[in-house]
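Following: one structure in C-alpha cells, then a few remarks.
The values are calculated or read from the model by the stated rules, or taken from the named source; none is laboratory data. Just so it is clear, the structure is predicted and the values come from calculations on it, not from any experiment. Heads up, the Cβs are rebuilt from the backbone with ideal geometry, glycines too, and the neighbour counts pull from every protein chain shown.
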Amino acid sequence: MLRTLIIDDEEHIRDTLAKMLARYCPQVEVVGNADSLAKGVKAIEKYNPELVLLDVQLADGNGFDLLKSLPAIRFQVIFITAYDKYALGAFKFSAIDYLLKPINPEQLANAVERAQLVINEHLQIQIHALEENLRSGSRQDRRIILKTLDNIYLIELRNIVCCESDSCYTTLHTTTGDRIVMAKTLKDYEELFAGSGFYRVHKSYLINLSHIKRFEKQDGGYIVLLNELKIPVASRRREEIIELMEKMAE
C-alpha cells in the first residue's frame, strides 16, 4: 500500500480527496491529514508518508514553505490548488503533478499511478545498491576514529552494531557493549558508512546488516540484532529489509 498524507486547509477538500483515493486508487492507504503548515510538518514526521497531496496555499503559509522547512524530502508530492500561477514553483520541487481544484478523479488516479512508478523505481535502485553493499563485506575491515571528551576509540566498522539518533547526537552501539555518544547527526554516519553494509531502517536507526538476527512482525515490525537490541522498522522499509535478508541467505 502507498502510504499517503493529505495536507489541505479545507476540510471538505480533504474529505473529497480521501473518498476519491478510496474509490479510484486502491493501492493508496491514507494514513493521516493536516490543515496547516505546522501540523503538516508534524504529520510528515509522525506518518513518514511515501506520497503527500499538498495544497499550495495554507492558512499559515504555503506548501513550498513546508517543503523548504524539511531537512530532506523523502516522499513524492502532488500539489493541489485552486490557482495555476504556482505551477512553475511546484515543478521546481520535482512534483509528480499539479492538480487544479475541483479535482478530476481521472487526473488524480493518473498522478497517483505516476507516483507509484517513481517510488517503485527508487526502491529497486536502493535494493540494488544495498545488494552491492552486501557483496562488499571487506569494507567492514575499515577502521574509524571516534573522539569523545574522555576517550579516543579506534573501531572496525564490523564492530559497530547500530547507530541511534538523538536530535543532533548519535549513539554508536558496539559489539563490546560500549555506547559511544557523538556530536554528529545520524545522516552524517549514514553518509560516512555508505557502501559498507549499513542500512537506515528507521529515521532514528542505522543498522549493520551483518548483525541482523531476525525480523519480528508484531508491533509494527522490528529487527532483533545479534546482541538482542530491538530496532523498529519504518513501514516503508519492511519489504526492503525482508528482501535484503533473503538475499543475505542465498
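Test each condition in (1) under 19 Å from L117 (Cβ atoms); (2) among the β-branched types (V, I, T); (3) modelled with pLDDT of 90 or more for V30 and report the one that comes out false.
V30 satisfies every listed condition except (1).
Can you tell me which condition F91 does not meet? The list is (1) under 21 Å from D8 (Cα atoms); (2) at pLDDT 70 or above; (3) in a helix (DSSP H, G or I), and all the others hold.
The number of the failed condition is (2).
Scan the stretch 158-210 for residues that are in contact with a Ser or Thr (Cβ under 9 Å, 6 or more places away or on another chain), aliphatic (A, V, I, L, M) and part of a loop (DSSP other than H, G, I, E, B) and jot them down.
Listed by number, the list holds a single entry, A183.
Any idea how many residues of the stretch 24-74 are among the acidic types (D, E) and under 15 Å from the mean Cα position of the chain (by Cα)? Spell out the reasoning first.
The initial filter retains those residues of the stretch 24-74 that are among the acidic types (D, E), namely 29, 35, 45, 50, 55, 60, 65.
Of the ones still in play, those that are also under 15 Å from the mean Cα position of the chain (by Cα) are 45, 50.
Residues flagged as among the acidic types (D, E) and under 15 Å from the mean Cα position of the chain (by Cα) within the stretch 24-74 amount to 2.
Being buried (at least 17 other Cβ atoms within 10 Å of the Cβ) and among the hydrophobic types (A, V, I, L, M, F, W, C) is the filter here; which residues of the stretch 50-63 pass it? Steps first, please.
At the first step, the residues of the stretch 50-63 found to be buried (at least 17 other Cβ atoms within 10 Å of the Cβ) are 50-56, 58, 62-63.
Selection gives L51, V52, L53, L54, V56, L58.
Read through the list (1) in the same structural domain as I241 (by TED's automatic domain parsing); (2) at pLDDT 75 or above, then give the number of the only condition that D141 fails.
The number of the failed condition is (2).
Tell me which residues, restricted to the stretch 65-76, are in contact with a helix residue (DSSP H, G or I) (Cβ under 8 Å, 6 or more places away or on another chain) and crowded, with 17+ Cβ neighbours inside 10 Å.
Passing the criteria: L66, F75, Q76.
Search the stretch 12-28 for residues that are over 18 Å from K101 (Cβ atoms) and pair each with any residue that is at pLDDT below 95 and surrounded by fewer than 14 Cβ atoms within 10 Å (Cβ to Cβ) when their beta-carbon atoms are under 8 Å apart and the residues are at least 6 apart or on different chains.
Q27/M1; V28/M1
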